[in-house]
Amino acid sequence: MSKTAELLSLDRDTPPSHRDLLAIAAQIGKEVAEPAASEVDQHARFPAETVEALKRARLLGASVPTELGGFGCSIGTLAAICETLGQYCSSTAMIFAMHHIQVASIVYHQAASPYFTEYLKDLAKHQYLIASVTSEVGVGGDMRSSGTAVEVLENRFSLNKEATTISYGAQADALLVTSRRSQTAPPNDQVLTLVQKADYTLEQTSDWDTLGMRGTSSPGFRLRSQGNVDQILPTPFSEIATQTMVPYSHILWCSVWSGMAKGAVARARSFVRAAARKKPGTVPPAALRLAEVVSKLQTMQQNVSAACFQYESLLASPSGKETISTIGFALQMNNLKIAISEMVVQIVMGAMGICGIAGYKNDTPYSLGRYLRDAHSAALMIANDRMLATNATLLLIHKDI
Ligand SMILES: Cc1cc2nc3c(=O)[nH]c(=O)nc-3n(C[C@H](O)[C@H](O)[C@H](O)COP(=O)(O)OP(=O)(O)OC[C@H]3O[C@@H](n4cnc5c(N)ncnc54)[C@H](O)[C@@H]3O)c2cc1C
């Protein structure tokens, strides 16, 4: 029996172990994501077959608590899955990451709301996919600022937003949308609202013909939605962002990039091994560069794991929330994202240097073009300059380095 079939045959009450989940993710990566990745990239299409395989393995409910029917995965397990998938198809890994960032934002901030508790149960049961709507025309990538406001009338709301980018917007079953709390609220007094498929319409306003991450299928959309006020998360968005959305985003994105770097280095390693086999008893000149790039990869992976371990430990500690809300922690998370988003490009370039023309060509087992194009999106996912500007302000008041 295949590993996927084994997992599917598990009793619903028995959540799979970390090891089982990684084995499943690796199998889906190798057998479904990798064979489709070039075509997904070429046609900038949603990796439907891979997301379907993730759903069959019930991985879209991985971060839902076990008592609500999910696997109750920690961020450490999610990060490891992101890294695993990232080796095979960056877009799939990023979709998986973005979905779980949304789920975690609900899990940690729903405050036992009956609506959200039911929703999480439904998500685990039906494997719903949630997309994120934070960026906005006129505001750009400043997640902590909204132009649009949710309009509440008695127990109903309407929420319309011009979104610059919604990854897998057309394929998602629900959207988690930032907005101002009301028409009179300032841009940073925001709330987060869940709208389900029946609550909204999306009108596509731009295309997604990009350099990389083409399979995330992320054009602009005009969102129109309505619903019940229960769908607005009770916690202010400022708290959700600080405690969960930002740390989850930066750790899971970095894990995806780490997986992409690992995939590129794996190709460089097979290139060097093939060269060594051709001249037994000699060390190919590129082996030195491979040693260099493997050392960078290890540094990258250790940085991501350390940040993930620290965040996980803080989440488990009674006073951890206080530390997560400090300027020092915000700086650390921003620095992680900035550093890893730069390293992924350097590492893929290092792999390209090793493979040479075989890496540059699109039709060899050592092709690295897709990894390199995908890697360049890392610095843009919340622009690094925007983050450096935030850090510059924070450093004026933060005492420690
Ligand atoms: C693959 C991918 C998937 C995405 N998916 C989603 C999604 O699902 N949902 C979603 O909401 N968004 C999504 N985004 C959007 C993303 O998160 C950013 O919001 C968006 O890329 C930022 O747009 P921008 O480059 O125009 O940056 P902006 O933030 O609008 O900035 C424009 C330029 O100005 C510079 N700049 C801006 N502010 C400052 C500052 N204070 N100091 C210095 N320089 C500054 C930046 O460096 C940048 O070059 C996605 C992006 C990518 C690449």
Determine which member of the set 303, 362 is closer than 28 Å to residue 95 by Cβ, surrounded by fewer than 14 Cβ atoms within 10 Å (Cβ to Cβ), more than 16 Å from the ligand (Cβ to nearest atom) and of a type in the set (S, T, N, Q).
362
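Which residues, counting only those in the stretch 27-83, are of a type in the set (Val, Ile, Thr), open to solvent by 20 Å² or more (accessible area, probe 1.4 Å) and either closer than 30 Å to residue 310 by Cβ or touching a Cys at 6+ places or on another chain (Cβ under 6 Å) (or both)?
Residue satisfying the conditions is 66 alone.
Any chance you could count how many residues in the stretch 144-165 are open to solvent by less than 30 Å² (accessible area, probe 1.4 Å), of a type in the set (A, V, I, L, M) and touching a residue at least 40 places away in the same chain (Cβ under 8 Å)? Outline the logic, then answer.
First, pick out the residues of the stretch 144-165 that are open to solvent by less than 30 Å² (accessible area, probe 1.4 Å): 145-146, 148-150, 157, 159, 161, 163.
Adding the requirement that they be of a type in the set (A, V, I, L, M) leaves 149-150, 159, 163.
Narrowing the set further to residues that are touching a residue at least 40 places away in the same chain (Cβ under 8 Å) leaves 150, 159, 163.
Of the residues in the stretch 144-165, 3 are open to solvent by less than 30 Å² (accessible area, probe 1.4 Å), of a type in the set (A, V, I, L, M) and touching a residue at least 40 places away in the same chain (Cβ under 8 Å).
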Restricting to the stretch 151-174, name every residue that is more than 18 Å from residue 381 (Cβ to Cβ) and within 16 Å of the ligand (Cβ to nearest atom).
159, 160, 161, 162, 170, 171, 173, 174
Residues that are on the phi > 0 side of the Ramachandran plot and within 6 Å of the ligand (Cβ to nearest atom), drawn from the stretch 130-150
140
Determine whether the stretch 178-197 contains at least one residue that is within 15 Å of the ligand (Cβ to nearest atom) and either open to solvent by 10 Å² or more (accessible area, probe 1.4 Å) or free of Cβ contacts under 8 Å to residues at least 12 places away in the same chain (or both).
yes
Residue count, the stretch 357-393 (criterion: under 17 Å from residue 249 (Cβ atoms), part of a loop (DSSP other than H, G, I, E, B) and among the β-branched types (Val, Ile, Thr)):
1
Among the residues of the stretch 62-77, is there at least one that is free of Cβ contacts under 8 Å to residues at least 60 places away in the same chain and aliphatic (A, V, I, L, M)?
yes
Residue list for the stretch 388-401, filter: of a type in the set (A, V, I, L, M), more than 9 Å from the ligand (Cβ to nearest atom) and open to solvent by less than 70 Å² (accessible area, probe 1.4 Å)
394
Could you list, ordered by first residue, the pairs with Cβ atoms under 6 Å in which the first is in the stretch 370-387 and in contact (Cβ under 8 Å) with a residue 24 or more places away in the chain and open to solvent by less than 40 Å² (accessible area, probe 1.4 Å) and the second is in a loop (DSSP other than H, G, I, E, B) and more than 6 Å from the ligand (Cβ to nearest atom), at least 6 apart or interchain?
374/212; 377/212
Looking only at the stretch 111-125, decide whether some residue is surrounded by fewer than 24 Cβ atoms within 10 Å (Cβ to Cβ), modelled with pLDDT under 95 and outside any helix (DSSP H, G or I).
yes
Can you tell me which residues in the stretch 126-163 are of a type in the set (Val, Ile, Thr) and either assigned to a strand (DSSP E or B) or out of contact with any Phe, Trp or Tyr (no Cβ under 9 Å at 6 or more places or on another chain) (or both)?
130, 133, 134, 137, 139, 148, 152
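The values are calculated or read from the model by the stated rules, or taken from the named source; none is laboratory data. Everything numeric in this text was worked out from a predicted model, so none of it was measured. Here Cβ is always computed from backbone atoms with ideal geometry, including for glycine, and neighbour counts include all displayed protein chains. Surface accessibility is based on the protein's heavy atoms, side chains included, excluding ligands, DNA and RNA. Shrake-Rupley method; radii C 1.70, N 1.55, O 1.52, S 1.80 Å.
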